[in-house]
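Undergrad: Okay, handing you the structure first.
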Amino acid sequence: MWDQIKAENLFLVLVDFQDKFFPIMDEQVVKSVRKNLLLAVRMFAKLNIPMIGTDHYRKGLGLTDPEVLR
């Protein structure tokens, strides 16, 4: 199974990593998730793997974390 995974068969979907979710989460969890997410985004970018992000209810929940969008 793992031998069938190729960069050209991958796609990263980031769902609802929005600012307003962070205050309801433990601060250490947010830091850890952000760190790992940024690592994944950098890795996918270096491999030229497509990525897309979604925001749910921007008016109430805000936009995707700006650090992730860089």
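The values are calculated or read from the model by the stated rules, or taken from the named source; none is laboratory data. It should be emphasised that the depicted structure is a prediction, and the values quoted were computed from it without experimental measurement. As a convention, Cβ positions derive from the backbone with ideal geometry for all residues, glycine included, and neighbour counts pool all protein chains shown. Just the protein is used for accessible areas: all its heavy atoms, side chains included, with ligands, DNA and RNA removed. Shrake-Rupley method; radii C 1.70, N 1.55, O 1.52, S 1.80 Å.
Undergrad: Considering only residues that are of a type outside the set (S, T, N, Q), more than 16 Å from residue 70 (Cα to Cα) and open to solvent by less than 90 Å² (accessible area, probe 1.4 Å), look in the stretch 18-52 and name the one that is nearest to the chain's Cα centre (by Cα).
TA: Only one residue tops the list, namely 33.
Undergrad: Which count do you get for residues in the stretch 1-26 that are within 21 Å of residue 42 (Cβ to Cβ) and not in a loop (DSSP other than H, G, I, E, B)?
TA: 10
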